[in-house]
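Colleague: One structure follows; several queries about it will come next.
The values are calculated or read from the model by the stated rules, or taken from the named source; none is laboratory data. Quick caveat: nothing in here was measured; it's all calculated off a predicted structure. No Cβ is skipped: glycine too gets one built from the backbone with ideal geometry, and neighbour counts run over all protein chains shown. Remember, those area values only see protein heavy atoms, side chains included, never the ligands or the DNA or RNA. Shrake-Rupley method; radii C 1.70, N 1.55, O 1.52, S 1.80 Å.
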Amino acid sequence: LLPTFANLAGIQLPKHRAFDGTDISALLKGDQLNRKQPLFWCFFNALNKQQVAMRTTEWKVIATLDNGKLEPQQNLHDGNISQIRDARLTDVEFYRIQEDLGETKNLAKSNPTKAAELEQQLKLLYEELTASSHYWIRQQ
């Protein structure tokens, strides 16, 4: 939300820093939101599988980390950051979200070309996030 607040306050964010927020002030004005980057999130401490997900206007993509073998992580720290960064995205599913809100029809097998494209986009976002993620240094 930081880009939204900055825009509403008439403040320009520094150009030399990357911000993962999106200016949604158009929605507040009743206009259409033109998202430049998809929504992306990670579940490192999920109750079930540790997963990553991406949402565009048309698609939702979900991948499990390391075939569901990645242990839940409450924080990123120097003892697990390599494991997080090296985790493989597996069991990729994707849905045409506007036609299938319940996510009942996984299209990965019926459309392998689109599945590969979305998986690559998800992988790049995951690599970008984990490469720049802050992690804690544990004191001995």
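Colleague: Among the listed pairs K29/K114; K29/K105; K69/K109; K69/K123; K69/K105; K36/K60, give every one whose C-alpha distance is greater than 27 Å.
Modeller: K29/K114; K29/K105
Colleague: Highest first, please rank the peptides 108-116, 51-59 by the mean number of other Cβ atoms sitting within 10 Å of their residues.
Modeller: 51-59, 108-116
Colleague: Using +1 at the Cβ of each Lys and Arg and -1 at the Cβ of each Asp and Glu in the chain, identify which of Q12, W136, G79 lies farthest towards the dipole's positive end.
Modeller: Comparing the listed Cα positions along the dipole, Q12 ranks first.
Colleague: Given region 61-140 reduced to its alpha-carbon atoms as identical point scatterers, what log10 I(q)/I(0) does the Debye formula return at q = 0.14, 0.15, 0.19 Å⁻¹?
Modeller: Results for region 61-140 at q = 0.14, 0.15, 0.19 Å⁻¹ read -0.57, -0.63, -0.87.
Colleague: Then there is this: Which of rounded, prolate, oblate describes region 25-84, given a ≥ b ≥ c as roots of the alpha-carbon gyration tensor eigenvalues and a/c under 1.5 marking rounded, otherwise prolate only if a/b is larger than b/c?
Modeller: It comes out prolate by the Cα gyration axes.
Colleague: Moving on. Show F5, F40, F94 ordered by accessible area, largest first, where the area counts protein heavy atoms only and the probe is 1.4 Å.
Modeller: Working: F5 125, F40 50, F94 0 Å².
Correct descending sequence by accessible area is F5, F40, F94.
Colleague: To continue, here is another question. Have a look at the DSSP beta bridges in the chain and tell me what percent are antiparallel, nearest 5.
Modeller: On the way: 16 of 17 bridges.
Around 95 percent of the beta bridges assigned by DSSP in the chain are antiparallel ones.
Colleague: In what order, largest first, do K15, K60 sit by accessible area if the probe radius is 1.4 Å?
Modeller: Numbers: K15 170, K60 40 Å².
Result, largest first: K15, K60.
Colleague: Here's a follow-up. Please list 62-74, 27-39 highest first by mean number of surrounding beta-carbon atoms within 10 Å per residue. Numbers along the way, then the final one.
Modeller: Numbers: 62-74: 16.2, 27-39: 9.9.
Ranked from most to least packed, the peptides come out as 62-74, 27-39.
Colleague: Using the heavy atoms of the protein chains and a 1.4 angstrom probe, tell me the accessible area per residue for the chain in square angstrom.
Modeller: Numbers: 9860 Å² over 140 residues.
Value for the chain: 70 Å² per residue.
Colleague: Going by amide H atoms built from the backbone, whose H comes under 5 Å of the H on A108, apart from near neighbours?
Modeller: The list, which skips near neighbours in sequence, is F94.
Colleague: Assign unit charges at the C-beta atoms only (+1 for Lys and Arg, -1 for Asp and Glu), then state the dipole size of the chain relative to its Cα centre in Debye, rounded to the nearest 20. Don't skip to the end; give the middle numbers.
Modeller: Details: 17 positive and 17 negative charges, 33 e Å.
With Lys and Arg at +1 and Asp and Glu at -1, about 160 debye.
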